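Student: Quick one: the structure is below, and I'll ask about it shortly.
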Amino acid sequence: METITPAGQLFQYLITGITVGSIYAMVAVGFNIIYNVTEIINFAQGEFVMLGGLVMVSLHVGMGLPLIAAFPATMIIVTLVGMLLDRLAISPIRRPTVLSLIIATIAASILLKGTAMFIWGKDPYDLPAFSGRNPITFLGAVIQPQYFWVIGFLIITVIVLTLFFEKTILGKAMSACADNPDAASLVGINVKQMILLSFALSAAIGAVAGIVVTPISLMEYDRGAMLAVKGFGAAVLGGLGSFPGAVIGGLILGAIESLGAGLISSGYKDAFALIVLMFVLFYKPSGIFGDIEVSKIKRF
Amino acid sequence: MKLRRIVIFTTVCLFSLGFLVSPALAFKVGAVFSVTGRTSFLGDPEKKTAVMVAEQINAAGGINGEKLELIVYDSEGDATKANLAVKKLITQDKVSVVIGPSLSGTSMAVVPLAAKYKTPLISCAASYKITWDKEKGTARKWVFKTPQTDTMAVDAIYSALKQKGISKIAIMSVTSGFGASGRGELIRLAPEYGMTIMADEKYGPKDTDMTVQLTKIKGLAPKAIVNWSVGPTQVVVLRNWRDLGMKSIPFYQSHGFGSRKNIELAAGAAEGVFCPLGAVNIAELLTPYDTQYAVAQRYLKDYKAKYNEPLSSFGGHAWDALHMAAQALASVGDDKAKIRDYLENNIKGFVGQHGVFFYSPDDHIGLDKAAFRMVVVRDGDWALAD
Amino acid sequence: MLRIGKLPISTFAFLIIIFPWVAHQIPGIEHYTDVMVFAGIYSLITIGLSLLMGYAGQISVGHAAFYGIGAYVSGILTARYGLNPWICMLAGISVAGAVALIVGAPCLKLKGHYLAMATLAFGIIIFIVFNEEAEWTGGPDGMSGIPGLSIFGFDFDSVEKYFYLVWGFVFAAFVFSVNIIQSGAGRALRAIHSSETAANAMGVNVSGYKVLVFVYSAVLASLAGSLYAHYLNFINPATFDLFFSIKLLIMIALGGMHNLWGAVIGAGIITFLNYEWLHYFEEFEVIVYGAILLVVVIFFPDGLAGIPDMLKKRLGKH
């Protein structure tokens, strides 16, 4: 075995941190889409990721569909689940308050987790890596090919979403709902449909995250909660509602965890990331790219 | 008037119901396993096994002609729930003996109850602390256990390493009760075997990647890696180990790796990995001359036939516990103190799934390191390591 | 607004007193007294949390940490150093209060979801400390050998005795909290909840009051933790994880956060669902639990304690 240089080690920590961070970022982007339209934090976001992974396993491994067909099919199925979530759990709430919406999404996540346990059981599942498992050596660090897929999909997602929200009528209509739902409905935007759309979009993105991460980390029914917490942390660190913020927040969290584990203590790695997060918030209460005005509106 | 009569009638009914719940017509055994929740990989096979064993005993005519009634509660791996469940089993269901809980944490949460209510408890969890009272320096009077301890697993691994002349090792563990307990024993026994621990890395039970920890270890170039975890992380860590090109550093897993499912999930990365396992894991590899050959073969066959899923070694702990409890009930009846005495004095050479048990007043674990055999993954299946 | 009269309070006391006797009369539910001990321990936390969330309008997703601090301070000082449990309980309260003061002051400047994240992060950090500092806490395996409670030679060594001890504390905390709400401090809190800016303009020391309530709720949680540790004689970190913090939120939402009764009702019902009733659904347990929560959130926005008011309004309309 060739030895590894300290520089190589450092590079390896960074690469791994960026990959793990990309997943957090993708979950955070999902949080932001719904937050931007509704100001709801959807704690079932992690369950979309879990479902993405497990549905893909069933379609690709179980039923033998080719990757190229199973990928969109999985996205569609999880998107439908996301829409169902809005219709069954969010829109029927009579007098929505921040707490009741948080509890509703938590209840939904419990339901999804329970259903997933019922369908797939409690064992973890594996998915073949998209382009094999032969690692690439680069500057002394070893990179799994799947890492590129994770980072690549994050970049594609962010570009597509930015274009969608800034260039298309539909995207602009969705942003309008967040700024002022009353005004939006006055100019003829169907706010309810926009909310439904936001759940659909964010479920689809969650599914993508689940599909690309399963070949690295396996997937089982109860992984959603931890992903939701990390993704929420990334979204808050970057500033709720900001897509660049979500990406930066996710990458920073991933990098701190990875470097903290490598250089200081692996037992405390999650704590390092959270301590940094808390200090950023104390210094800048609306996250890195967050709007201070927006952060002041909501109360419980 | 009518209403009052109904109220009186119902009250009388309810009270008489209390008297009707008559003393046991059957031998009652209580069980608490983490059937659902994060540690269901332990409790689920344990429950299935216990239910199967109880059915088999009853189908064969019960215990001295009496039925064996098994009452199972789910602790979900939660200490509070386990505590409540055991109290309910003892005070309300009036069981004569309790088997389980599945985890060291949940077991420690109910250990005081066994003494308080003078009820024998046969735990299905690993830690030696469950049966050993450190302050008094004696075995806990009412508590027994069936699984091998982490100490035995560490003994087995360190012996194997020493034989190969390896002394510089790196250890990795998951930050759960299972990992922490193994890590503690790895560190405690290292001097005894002349092991130098060069790295002591940890990861969370839901972590997605352990490349960082392994990279750090790679830089220190130890002669072997010992990993202590359960669940998906023990598979992911193997893949990272392979991807980082570290296959020249031998990898030792704990006994938690004892399921063929893990070999399959590792997608080839498990080749050459060592781990210490009980006879139950490798029933197919035993020779007919092996003491445990018959029980292991029968359990494997029955379990597959009933549940149509691969056997998990953890179920074997429940098999051992329930069979010992049944044997005690058959010999001394349902008197709790007599059952305890029987377990302590008469379980000598009980052939179970995880070893041959010898309990004594000082030893409520009943096994030694011979209960583990070193196994290596070869061609996608277990093989005995020499 | 909340007016708690003599009648409901004495009914509450009466129910507490007769509960163990009633449970003992009905076969099949004798062990409900045992479950109620835990419901009481959780009620102590939710009463404080209800004051913080329902009255001061501040969320916390990290109260499991204070619960854990109480339990571990009690556990470590009694089991390792053999100190008197009651003194350790006070020590736990002081530590939890001090930590709440240090963390609360900067945290409570945050709003809404940012506050939720900060408290959540705090909870996870403390949880990691419980796991990692094994020299003190015993690590993930937990620590045992925590003694039971006794006072002047009277041992709280049976389920019934401990029930009365815990519910005695709950009753005291309840009455004390009602008094807070009905005092000037309570009016200040409500002012903060409806508009911080307005409250500030009227000369209410907004941040001071918020931190004060945060500390009060932490103290109650710590007390609950000590009671838990001495009842189980064992603690492990998993009891104080993120999911427990979320469970507390669920209790508050289910019971109704604008009503102190809601805190007790929510704690009671969730405790019984989790420890007793859902057991019958076996495999479907998780699904049923999620469905129940969803139904309550959708149809009873003010929680179960809000149902009487809701009915009154309905009937009034007709």
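The values are calculated or read from the model by the stated rules, or taken from the named source; none is laboratory data. Owing to the predicted nature of the structure, the values given are computational and were not obtained by experimental measurement. All Cβ positions, glycine included, derive from the backbone under ideal geometry; neighbour counts span all protein chains shown. Just so you know, the surface numbers come from the protein's heavy atoms only, side chains and all, with ligands and any DNA or RNA stripped out. Shrake-Rupley method; radii C 1.70, N 1.55, O 1.52, S 1.80 Å.
Student: Looking only at region A:112-148, count how many residues are within 27 Å of A:A44 (Cα to Cα), touching a residue at least 24 places away in the same chain (Cβ under 8 Å) and not hydrophobic (A, V, I, L, M, F, W, C).
Tutor: So in region A:112-148, the residues within 27 Å of A:A44 (Cα to Cα) come out as A:112-130, A:146-148.
Then drop every residue that is not touching a residue at least 24 places away in the same chain (Cβ under 8 Å), which leaves A:112-113, A:116-117, A:119-130, A:146-147.
Then drop every residue that is not not hydrophobic (A, V, I, L, M, F, W, C), which leaves A:113, A:121-126, A:128, A:146-147.
Count: 10.
Student: Hey, another quick one. Just for region C:87-113: of the residues that are open to solvent by 50 Å² or more (accessible area, probe 1.4 Å) and under 20 Å from the mean Cα position of the chain (by Cα), which one is farthest from A:F232 (Cα to Cα)?
Tutor: Checked region C:87-113; the qualifying residue farthest from A:F232 (Cα to Cα) is C:L90.
Student: Could you check region B:206-225 and list, in sequence order, the residues that are surrounded by fewer than 20 Cβ atoms within 10 Å (Cβ to Cβ) and either in contact with a Lys or Arg (Cβ under 6 Å, 6 or more places away or on another chain) or closer than 18 Å to B:G182 by Cα (or both)? Talk me through it step by step, then tell me what you get.
Tutor: Taking region B:206-225 and keeping what is surrounded by fewer than 20 Cβ atoms within 10 Å (Cβ to Cβ), we get B:219-221, B:223.
Residue satisfying the conditions is B:K223 alone.
Student: So which helices (runs of 4 or more DSSP H) are wholly in region C:201-306 and hold at least 3 residues that are buried (at least 24 other Cβ atoms within 10 Å of the Cβ), modelled with pLDDT of 90 or more and in contact with a Leu (Cβ under 9 Å, 6 or more places away or on another chain)?
Tutor: Because the criterion is at least 3 residues that are buried (at least 24 other Cβ atoms within 10 Å of the Cβ), modelled with pLDDT of 90 or more and in contact with a Leu (Cβ under 9 Å, 6 or more places away or on another chain), the helices (runs of 4 or more DSSP H) in region C:201-306 that meet it are C:206-232, C:242-255, C:260-275.
Student: Answer with yes or no whether C:A79 is over 18 Å from the mean Cα position of the chain (by Cα), farther than 12 Å from C:I146 by Cα, away from chain A (no Cβ under 14 Å) and among the small types (G, A, S). Break it down into steps so the answer makes sense when it comes.
Tutor: On the way: over 18 Å from the mean Cα position of the chain (by Cα): yes; farther than 12 Å from C:I146 by Cα: no; away from chain A (no Cβ under 14 Å): yes; among the small types (G, A, S): yes.
Here the answer is no, as C:A79 does not meet what is asked.
Student: Being modelled with pLDDT of 90 or more and either within 12 Å of another protein chain (Cβ to nearest Cβ) or assigned to a loop (DSSP other than H, G, I, E, B) (or both) is the filter here; which residues of region B:115-131 pass it?
Tutor: Across region B:115-131, the qualifying residues are B:A115, B:K116, B:Y117, B:K118, B:T119, B:P120, B:C124, B:A125, B:I130, B:T131.
Student: Step by step: first the residues of region B:231-257, then only those that are open to solvent by 10 Å² or more (accessible area, probe 1.4 Å) and away from every other protein chain (no Cβ under 11 Å), then the one that is modelled with the lowest pLDDT. Which residue is that?
Tutor: Filtering region B:231-257 for residues that are open to solvent by 10 Å² or more (accessible area, probe 1.4 Å) and away from every other protein chain (no Cβ under 11 Å), the one modelled with the lowest pLDDT comes out as B:H255.
Student: Would you mind listing the helices (runs of 4 or more DSSP H) fully within region A:1-116 where at least 2 residues are over 24 Å from C:Y114 (Cβ atoms) and open to solvent by 30 Å² or more (accessible area, probe 1.4 Å)?
Tutor: Qualifying helices (runs of 4 or more DSSP H): A:6-38, A:67-85.
Student: Looking at region A:188-211, I want the residues that are farther than 18 Å from A:V29 by Cβ and have a partner that is at pLDDT 95 or above and assigned to a helix (DSSP H, G or I) with Cβ atoms under 7 Å, at least 6 apart or on another chain. Which pairs are those?
Tutor: Listed pairs, sorted by first residue: A:L196/A:M83.
Student: Could you check region C:105-153 and list, in sequence order, the residues that are more than 16 Å from C:A65 (Cβ to Cβ), acidic (D, E) and within 8 Å of another protein chain (Cβ to nearest Cβ)?
Tutor: C:D141
Student: State the number of residues belonging to region A:19-63 that are touching a helix residue (DSSP H, G or I) at 6+ places or on another chain (Cβ under 6 Å) and either more than 30 Å from A:M194 (Cα to Cα) or among the β-branched types (V, I, T) (or both).
Tutor: Taking region A:19-63 as the starting set, the residues that turn out to be touching a helix residue (DSSP H, G or I) at 6+ places or on another chain (Cβ under 6 Å) are A:19-34, A:36-38, A:40-56, A:59-60.
Adding the requirement that they be either more than 30 Å from A:M194 (Cα to Cα) or among the β-branched types (V, I, T) (or both) leaves A:19-20, A:23, A:27, A:29, A:33-34, A:37-38, A:40-41, A:49, A:55, A:60.
Count: 14.
Student: Hey, does region B:151-171 have a residue that's within 14 Å of chain C (Cβ to nearest Cβ) and open to solvent by 20 Å² or more (accessible area, probe 1.4 Å)?
Tutor: Taking region B:151-171 and keeping what is within 14 Å of chain C (Cβ to nearest Cβ), we get B:151.
Now narrow it down to the ones that are open to solvent by 20 Å² or more (accessible area, probe 1.4 Å): B:151.
So far as region B:151-171 goes, yes, one or more of its residues are within 14 Å of chain C (Cβ to nearest Cβ) and open to solvent by 20 Å² or more (accessible area, probe 1.4 Å).
Student: Let me ask something additional. Given (1) open to solvent by 30 Å² or more (accessible area, probe 1.4 Å); (2) within 11 Å of chain B (Cβ to nearest Cβ), identify the lone condition not met by C:Y42.
Tutor: Against the list (1) open to solvent by 30 Å² or more (accessible area, probe 1.4 Å); (2) within 11 Å of chain B (Cβ to nearest Cβ), C:Y42 comes up short only on (1).
Student: Among the residues in region A:271-286, are any charged (D, E, K, R), open to solvent by 40 Å² or more (accessible area, probe 1.4 Å) and more than 16 Å from the chain's Cα centre (by Cα)?
Tutor: There is at least one residue in region A:271-286 that is charged (D, E, K, R), open to solvent by 40 Å² or more (accessible area, probe 1.4 Å) and more than 16 Å from the chain's Cα centre (by Cα).
Student: If you don't mind, another one. Please specify each residue of region B:58-95 satisfying the condition of being of a type in the set (S, T, N, Q), farther than 18 Å from B:S40 by Cβ and crowded, with 22+ Cβ neighbours inside 10 Å.
Tutor: Keep residues of region B:58-95 that are of a type in the set (S, T, N, Q), which gives B:58, B:64, B:75, B:80, B:83, B:91-92.
From what is left, the residues that are farther than 18 Å from B:S40 by Cβ are B:58, B:64, B:83, B:91-92.
B:N83 - this is the single residue of region B:58-95 that is of a type in the set (S, T, N, Q), farther than 18 Å from B:S40 by Cβ and crowded, with 22+ Cβ neighbours inside 10 Å.
Student: Also, I was wondering about something else. It is to be established whether one or more residues within region B:102-109 are more than 11 Å from chain C (Cβ to nearest Cβ) and touching a residue at least 24 places away in the same chain (Cβ under 8 Å).
Tutor: Looking for residues that are more than 11 Å from chain C (Cβ to nearest Cβ) and touching a residue at least 24 places away in the same chain (Cβ under 8 Å), one finds at least one in region B:102-109, hence yes.
Student: Which is crowded, with 21+ Cβ neighbours inside 10 Å and under 30 Å from B:D243 (Cα atoms), of A:P215, A:P145, A:P135?
Tutor: Selected residue: A:P215, the only one of A:P215, A:P145, A:P135 that is crowded, with 21+ Cβ neighbours inside 10 Å and under 30 Å from B:D243 (Cα atoms).
Student: What single numbered condition from (1) facing another protein chain (nearest Cβ under 9 Å); (2) touching a residue at least 60 places away in the same chain (Cβ under 8 Å) fails to hold for B:V226?
Tutor: B:V226 satisfies all of (1) facing another protein chain (nearest Cβ under 9 Å); (2) touching a residue at least 60 places away in the same chain (Cβ under 8 Å) except (1).
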